[in-house]
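The values are calculated or read from the model by the stated rules, or taken from the named source; none is laboratory data. Here the structure is a predicted model, which is why all the values come from computation and not from measurement. Using ideal geometry, Cβ is built from the backbone for each residue, glycine included, and neighbour counts are taken over all protein chains shown. Ligands, DNA and RNA are stripped out before the accessible areas are found, and what is left, the full protein with its side chains, is counted by its heavy atoms. Shrake-Rupley method; radii C 1.70, N 1.55, O 1.52, S 1.80 Å.
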Amino acid sequence: MSLDVSLDVAALRRDFPVLEREFHGHRLVYLDSAATSQKPTSVIEVMDTFYRHTNANVHRGVYTLAEEATAAFESARARMARFLHASTPSEIVFTKNATEAMNLVARSWGGAHLHEGDVVVLSLMEHHANVVPWHMLAAERGIELRWIPLTDDGCLDLESLPQLLEGAALLSVTSLSNVLGTINDVRHLADAAHAADALIAVDAAQTIPHVEVDVTAWDADFVAWTGHKMLGPTGIGGLWARENLLEGMPPFLGGGEMIRDVTVDGFTTNDIPWKFEAGTPPIAEAVGLEAAIDYLDDVGLEAVRRHEIELTGYALRALHERFDDRITTYGPSDLSIRGGVISFLLDGIHAHDVSQVLDEDAVAVRAGHHCAKPLMRHLGVPATTRASFYLYNDEADADALVESLARAEKFFAV
Amino acid sequence: MPGLEDLYREIILDHYRAPRNRGELPSPPATRAEGFNPLCGDEVVLTLQVDGDTVTDLLVAGQGCSISQASSSMMSAAVKGKSVAEARQLIRAFKALMSIHESKLGGEGDDAGTEADNALDGVQLGDLEALQGVVKFPVRIKCATLAWNTLEQGLDETSPS
């Protein structure tokens, strides 16, 4: 892993079988990794092998097979802890996805600590996963939500942050916008939150696949993530939280695994993190997740990040050169604070019609509101088209996007 | 494989570029109905005036993709001046047009297909038939039916069936 060597994308692409597919006579140009990433063969095979050789339920059986399954499951937890620079594996709670992790924060921590009039600060660029759980809590018990506004460049407008944080209990923000690509300075936000005696929760679903994250350096309190955007399988994500916070939080879902004892009169809870993992967890998915982390570590997240900066810059230049003032792109122009996400509008053509034409060229993009309707309202648009890049994309993919957009423009020309 | 021309027929693009009956009637007295497609953010706002048994006026506002907006425009042109019963018959026929091909795509000559055939029986869809290409693009069917579901809401409010 040398710092001077750029990614060998052609070699990486061979690790992703789905990229060999063709649609309508064109090779698949997959530009929707912000929705979900594709999976390398190593992840697919390790899950297949788990089911063929190691499958048993975890933390239950005494037999050797169950011990092996439990060891594989807990090994993934330890791997994820190291990947995030967490101090101990018990700070990693597995959930279904990042959305469930944010709901865990709102229901468990919020349920125990937030009361009528308490303040949670969000931003206008949040995904619904970091909006709706707080709306639900607001409706139930009258907590107040405050919103960090955005600058014209699609960054958090932090001028009013100290006032917004005044008396707040929690700041809950994304570390990378799934629409704008904006990378937020989490450490700065954490310092501001802590200075106001508030905690900080970070929706890191879009960051962890692309940028090295150190939760300790961030000085965060809660970090939510999901496996399927980081080359892993669907069905597994998680919450990292400080050990002392997790210790003080009530359970989230009730059932097996999360208990120490159950009587006809009540129950006592298991230790963390299992206290928050009711029922049979996503075991094979955890095994797949560990393989995904190994893959990302082998490639090196620094190289991934550098590649995405170059590719995003290339694509933005190509789009503006080709479509001039007929295209509007959103998000920061400074590539150092921007992930591999480009949301745009092509003049006079609705995002769905754009993506329909692109589909005919096998260019897969997302069209719609991207589960960020408060942001779309702020931008004053009902929908955008979004292209998002990952380590298996290259300049040819960006070129294919531009050519297909030119075809869409021609097709819908008045 | 269905091509773009199957979906975006010239008459659809014409209605998209030059939508008919665009705007909003003051309501009241007109009835207002709003339809949303939560997945893609398409929005149709209908204001309709029903006098006696006749849809005397109908305007369309909102925003969305070419299919949802063209379908709204074509619906307004087809329904304006018709009786409520005729409008309801058109709704049934249009929904049948959207489902008959779905069931055929499924490869089964099932009851849904027969029912759809019955609903279409004797109904002149005219230009609306241009929208039948939409069924080859299943994710877009909801774009085409949005205006019609919204019309049904509006009619239910003014003249419950």
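The table below lists the values:
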| read-out | value |
| --- | --- |
| Residue in segment A:139-165 that is most open to solvent (accessible area, probe 1.4 Å), counting only those that are in a loop (DSSP other than H, G, I, E, B) and of a type in the set (Val, Ile, Thr) | A:Thr151 |
| Tabulated pairs, segment B:2-19, first within 13 Å of B:Glu129 (Cβ to Cβ), second charged (D, E, K, R), C-beta under 7 angstrom, 6+ apart or interchain | B:Asp6/B:Lys136; B:Ile11/B:Asp127 |
| Every residue from segment A:194-217 that is free of Cβ contacts under 8 Å to residues at least 40 places away in the same chain and more than 25 Å from A:Thr384 (Cβ to Cβ) | A:His194, A:Ala195, A:Ala196, A:Asp197, A:Ile200 |
| Residue list for segment B:8-35, filter: within 11 Å of chain A (Cβ to nearest Cβ) and under 15 Å from the mean Cα position of the chain (by Cα) | B:Ile12, B:Tyr16 |
| Some residue of segment B:50-61 being among the hydrophobic types (A, V, I, L, M, F, W, C), facing chain A (nearest Cβ under 9 Å) and in contact with an Asp or Glu (Cβ under 7 Å, 6 or more places away or on another chain) | no |
| Residue in segment A:386-403 that is polar (S, T, N, Q), out of contact with any Phe, Trp or Tyr (no Cβ under 8 Å at 6 or more places or on another chain) and closer than 21 Å to B:Glu5 by Cα present | no |
| Within segment B:14-36, considering residues that are among the basic types (Lys, Arg) and in contact with a strand residue (DSSP E or B) (Cβ under 7 Å, 6 or more places away or on another chain), the one farthest from B:Ile67 (Cα to Cα) | B:Arg32 |
| Any strands (runs of 3 or more DSSP E) falling wholly within segment A:223-292 and containing at least 3 residues that are out of contact with any Cys (no Cβ under 7 Å at 6 or more places or on another chain) and surrounded by fewer than 23 Cβ atoms within 10 Å (Cβ to Cβ) | A:259-262, A:267-269 |
| Criterion: without any contact (Cβ under 8 Å) to a residue 24 or more places away in the chain, open to solvent by 20 Å² or more (accessible area, probe 1.4 Å) and not in a loop (DSSP other than H, G, I, E, B) - qualifying residue of A:Arg317, A:Arg322 | A:Arg317 |
| Any hit, segment B:84-91, residues being within 19 Å of B:Leu13 (Cβ to Cβ), modelled with pLDDT of 90 or more and assigned to a helix (DSSP H, G or I) | no |
| Test: residue in segment A:350-369 that is within 13 Å of another protein chain (Cβ to nearest Cβ), open to solvent by 40 Å² or more (accessible area, probe 1.4 Å) and touching a helix residue (DSSP H, G or I) at 6+ places or on another chain (Cβ under 7 Å) | no |
| Candidates A:Ala35, A:Ala112, A:Ala81, filtered to the one that is within 28 Å of A:Leu170 (Cα to Cα), more than 23 Å from the chain's Cα centre (by Cα) and hydrophobic (A, V, I, L, M, F, W, C) | A:Ala112 |
| Whichever residue in segment B:1-28 is hydrophobic (A, V, I, L, M, F, W, C) and assigned to a loop (DSSP other than H, G, I, E, B) and, among such residues, is most open to solvent (accessible area, probe 1.4 Å) | B:Met1 |
| Members of segment A:84-113 that are open to solvent by 40 Å² or more (accessible area, probe 1.4 Å) and outside any helix (DSSP H, G or I) | A:His85, A:Ser87, A:Lys96, A:Asn97 |
| Residue check for B:Gln69: over 30 Å from A:Val354 (Cα atoms) and in a helix (DSSP H, G or I) | no |
| Residues being farther than 24 Å from B:Arg17 by Cβ, within 14 Å of chain B (Cβ to nearest Cβ) and surrounded by fewer than 21 Cβ atoms within 10 Å (Cβ to Cβ) - total across segment A:385-414 | 0 |
| Evaluation of A:Ser333 against (1) touching an Asp or Glu at 6+ places or on another chain (Cβ under 7 Å); (2) in a helix (DSSP H, G or I) (one fails), failing number | (2) |
| Residues being more than 10 Å from chain B (Cβ to nearest Cβ), in contact (Cβ under 8 Å) with a residue 12 or more places away in the chain and part of a loop (DSSP other than H, G, I, E, B) - total across segment A:372-384 | 1 |
| Flag for B:Val44 being in contact (Cβ under 8 Å) with a residue 60 or more places away in the chain and within 14 Å of chain A (Cβ to nearest Cβ) | yes |
| Subset of segment B:65-85 (residues that are within 14 Å of chain A (Cβ to nearest Cβ) and either charged (D, E, K, R) or surrounded by 24 or more Cβ atoms within 10 Å (Cβ to Cβ) (or both)) | B:Cys65, B:Ile67, B:Ser68, B:Gln69, B:Ala70, B:Ser71, B:Ser72 |
| Filter pass, A:Glu45 being in contact with a helix residue (DSSP H, G or I) (Cβ under 9 Å, 6 or more places away or on another chain) and either open to solvent by 50 Å² or more (accessible area, probe 1.4 Å) or assigned to a helix (DSSP H, G or I) (or both) | yes |
| So A:Glu159, is it farther than 23 Å from A:Thr234 by Cα and of a type in the set (Asp, Glu) | yes |
